[in-house]
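Accompanying notes for the structure given below.
A short reminder: the numbers here are calculations on the coordinates, not readings from a lab. The shown structure was predicted, so the numbers you read here are calculated from the model rather than taken from an experiment. FYI the Cβ positions are ideal-geometry reconstructions off the backbone, even for glycines, and counts take in every protein chain you see.
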Amino acid sequence: MNLPNQLSMTRLLLTLPFVVLCYAPVPNGHSWALVIFLLASVTDYLDGIIARQWKLVTNFGKLFDPLADKILMVSAMTMLAIEKELPAWVVIAILSREFFVTGIRQIAVSQGVVLAAEKLGKHKMVWQVITVTYFLTKMAAQDPMLAFVRPCFEWPPFSPAVFGTFTVYFTALLTLVSGFSYFWKNRRLFGDA
């Protein structure tokens, strides 16, 4: 298994301790969950760069990298919804998009085609990371470890009412638009409809 695929596998494995730390009553649990989430997000950035620059792009990577992303993001957003930081409809919309795109990929594979992630999907991922990081940091600010960042959330432009609301709606919109775009660009796969 090459390095980019190992990084994708690491991201998948980091999801479990992330969820445990979000949920379990552990001292500074939300702070450590934030650290793990950021580390997992860095692996996503690195695996793509390394795969392209070292020409290590594989069919396994094309399928597994976005799958590891989806599992991490859906887990993070579900935990945020449980904590009442994100509205449940956002998680449902994002999860629906991910199932939809996964279905398109399965149809492509059944026709002998492997679809890589697209640029709009990468932008969607960046905004999902920003949104999750914002709300995880807001939760972690209640821990002693990161209590020093708590005043940031009282600053009006960075408050949940302003920045938090913007990231939620913008990320949801970008996620849905990227799903429709993915379908439209690959509509040839549905020629028998």
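Assorted remarks:
- For the chain, diffusion coefficient by Stokes-Einstein and Kirkwood Rh (Cα), 37 °C, 0.692 mPa s, µm²/s: 187
- Taking Cβ atoms as reference points and 12 Å as the exclusive limit, the residues near S178 contribute a net charge of +3, counting Lys and Arg as +1 and Asp and Glu as -1.
- A simple spin-label model places pseudo-atoms 7 Å from Cα toward Cβ; at S110 and L56 they are separated by 3.4 nm.
- Normalised by the number of residues in the chain, the mean separation of alpha-carbon contacts (under 8 Å, six or more apart) gives a relative contact order of 26 percent.
- Once the convex hull of all Cα atoms in the stretch 1-114 is built, its volume per residue stands at 98 Å³.
- Since only G61, V149, A81 are under comparison, the one whose Cα sits farthest along the positive direction of the charge dipole of the stretch 18-176, derived from C-beta charges on Lys, Arg, Asp and Glu, is G61.
- F99/V162 FRET efficiency (R0 30 Å; Cβ-Cβ; nearest 0.05): 0.45
- Count of lysine pairs in the chain with Cα separation under 18 Å (8 or more residues apart, or interchain): 12
- CD proxy at 222 nm, helix term only [per DSSP H run n ≥ 4: -39500 (n - 2.57); per residue of the chain; nearest 500]: -24500 deg cm²/dmol
- Qualifying trypsin sites (Lys or Arg not before Pro) in the stretch 1-80, where qualification requires a DSSP coil assignment and no more than 12 other C-beta atoms within 10 Å, comprise K55.
- Semi-axis lengths, largest first, of the ellipsoid equivalent to the stretch 72-117 are 29, 9, 6 Å, with √(5λ) applied to each eigenvalue of the Cα gyration tensor.
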